[in-house]
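Report on the structure given below.
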Amino acid sequence: MVELTLPPDSRVNKNGLVYRAPEGAKKPRTFRIYRFDPDSGENPRVDSYEIDMAACGPMVLDALIKIKNEIDPTLSFRRSCREGICGSCAMNIDGVNTLACTRACEDITGSEVRIYPLPHMPVVKDLVPDLTQFYAQYAAVKPWLETRTPAPPDRERYQSKEDQEKIDRPSACILCACCSTSCPSYWWNSDRYLGPAALLAAYRWIIDSRDESTGERLDALEDPFRLYRCHTIMNCTEACPKDLNPAKAIGEIKKMMVSRQH
Amino acid sequence: MKRAASTPLGRVLGSGAAHSGTQHWWQQRVTAIALTVLTLWFVISLLCLPDLSWSSVHTWLAKPFSALSMSMLVLAACWHSQLGVSVVIEDYVHGAVSKTLALLLSTFAHLAVAGVALLAVLRIAASGN
Ligand code: SF4
Ligand code: SF4
Ligand code: FES
């Protein structure tokens, strides 16, 4: 059965450590952050960090870096580009999956900023989820061009501007996993359901005018779980920080499945 | 017997695609449309009756067109519900035995409801004018 409560050793202790703002802070604000250290043998807890926003950059990632540099070096999170292009800093901020580097602290209403790892994933440490299965699902859809016709000897394979535009948006996916980890179907059945990110990637190759494996790609998705666990709940599209539309892509794949039957 | 895969990709690929699901999804859409039309017909027909007494509803339902449409409504509702409930079971019940039992139980329950309802409509139609 689906588990609606956390197992005893994953239950969160809400009364974690509290770090007060420094004397004379001009704009103090509290960040409540999920902490888990697998080596400690302790349950996860939520620590509170009060920081002076007058001496901090505007984004949630700036606050996290400030906390790590100035208050608590044990805080773990992923980040790299700090401009919404690498997808590493995805986390659950104020109840919404998004990128810490593009989410402004100012836009978060309420006095506290609550930060948790992406939902329903195994936690490696603090805000770092284990994305092994998520990446394997991406690999499973063969995210590369497949052709039987050899490439022209003297040039690359051409594609019209219109055909390029079809794959332009889906190609912009940064594999941050905000969408898949916001999808209830993925929470309950990620062992068999590929999830919106992998399906968007599959769609990107299905509609690529240069690809010659459309049929095989559809065959590989035609499954009550791999594709049809999507119940059009639309959380994925809502969550995507790059404004992509995985739900629509999944709908298009389903339409292609039907149209090749009749 | 299912082989336990040892790599993440092996686990995701599992036993491969079942090459089904499209019919199920399509039938769910088609029965949904049928249900919308038939439910509208049902409500409007009842509203057009002089009153909702046993005899006027009985007389109305005994007419061939009403009985036919009512049978289709029963079939569409049961079929749509059977498809929907099986999806819910697959979503939430993960044990191999409990899932199979739940799916069987749901199928039999839906068949029973459809059978009883169809029989009732038939009897009314047969008794009518
Ligand atoms: S539309 Fe599909 S993939 Fe997106 S959140 Fe809903 S069920 Fe998940
Ligand atoms: S579709 Fe959007 S939310 Fe999903 S992985 Fe790609 S960029 Fe992230
Ligand atoms: S740090 Fe690269 S997307 Fe946020």
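Only counting other Cβ atoms within 10 Å, I'd like A:225, B:42 sorted with the fewest neighbours first.
Going from least to most buried by this count: B:42, A:225.
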Residue A:161 and residue A:102 label points (each 7 Å along its Cα→Cβ direction) are spaced in nm at 2.6 nm
Of all DSSP beta bridges with both partners in the range A:2-129, the antiparallel percent, nearest 5, is 70 percent
Charge dipole of the range A:104-262 built from unit charges on the beta carbon (Lys, Arg +1; Asp, Glu -1), centred at mean Cα; most positive-end Cα among A:259, A:109, A:150 is A:259
Residues whose modelled amide H sits under 5 Å from the amide H of residue A:79, counting only those 5 or more places away in sequence or on another chain, are none
The value for chain A (convex hull of the alpha-carbon atoms, volume per residue, Å³) is 162 Å³
Listed by chain and number, the aspartates and glutamates with an alpha carbon less than 15 angstrom from that of residue A:248, same-chain partners under 8 positions apart left out, are A:168, A:238
Of the convex hull enclosing the alpha-carbon atoms of the range B:20-68, the direction-averaged projected area in nm² is 4.1 nm²
Whole-Å distance linking the alpha carbon centroid of the range B:32-77 with that of the range A:30-62 is 61 Å
Counting Lys and Arg as +1 and Asp and Glu as -1 over every other residue whose Cβ sits under 12 Å from the Cβ of residue A:240, the net charge comes to +1
Those GluC sites (Glu not before Pro) from the range A:35-104 that are DSSP loop and have at most 12 other Cβ neighbours within 10 Å turn out to be A:42, A:83
Inter-chain shielding metric for B:14-27, i.e. average beta-carbon neighbours from other chains within 10 angstrom, reads 6
dims of chain B, Cα set, principal axes, largest to smallest, nearest Å -> 70, 25, 20
Chain A: relative contact order from alpha carbon pairs under 8 Å, six or more residues apart, as a whole percent, is 15 percent
Of the convex hull drawn through the C-alpha atoms of the range A:2-129, the volume per residue in Å³ is 116 Å³
Checked against a 23 Å limit on the C-alpha separation, the offending pairs among A:125/A:242; A:125/B:99; A:14/A:68; A:26/A:242; A:14/A:242; A:27/A:125 are A:125/A:242; A:125/B:99; A:26/A:242; A:14/A:242; A:27/A:125
Within the set A:97, A:245, A:43, GNM on chain A using Cα springs under 10 Å gives the largest fluctuation to A:43
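Express as a percent, rounded to the nearest 5, the fraction of DSSP beta bridges in the protein assembly as shown (both residues included) that run antiparallel.
70 percent
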Here the alpha-carbon Rg of the range A:132-259 over 2.2 N^0.38 Å rounds to 1.05
Highest mean packing first, using Cβ neighbours within 10 angstrom, the peptides B:90-99, A:132-141 sort as A:132-141, B:90-99
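Coordinate-derived values only; no laboratory data. As the structure is a prediction and not an experimental result, all values here were calculated from the model. With ideal geometry, Cβ positions are generated from the backbone for all residues, glycine too; neighbour counts draw on all protein chains shown.
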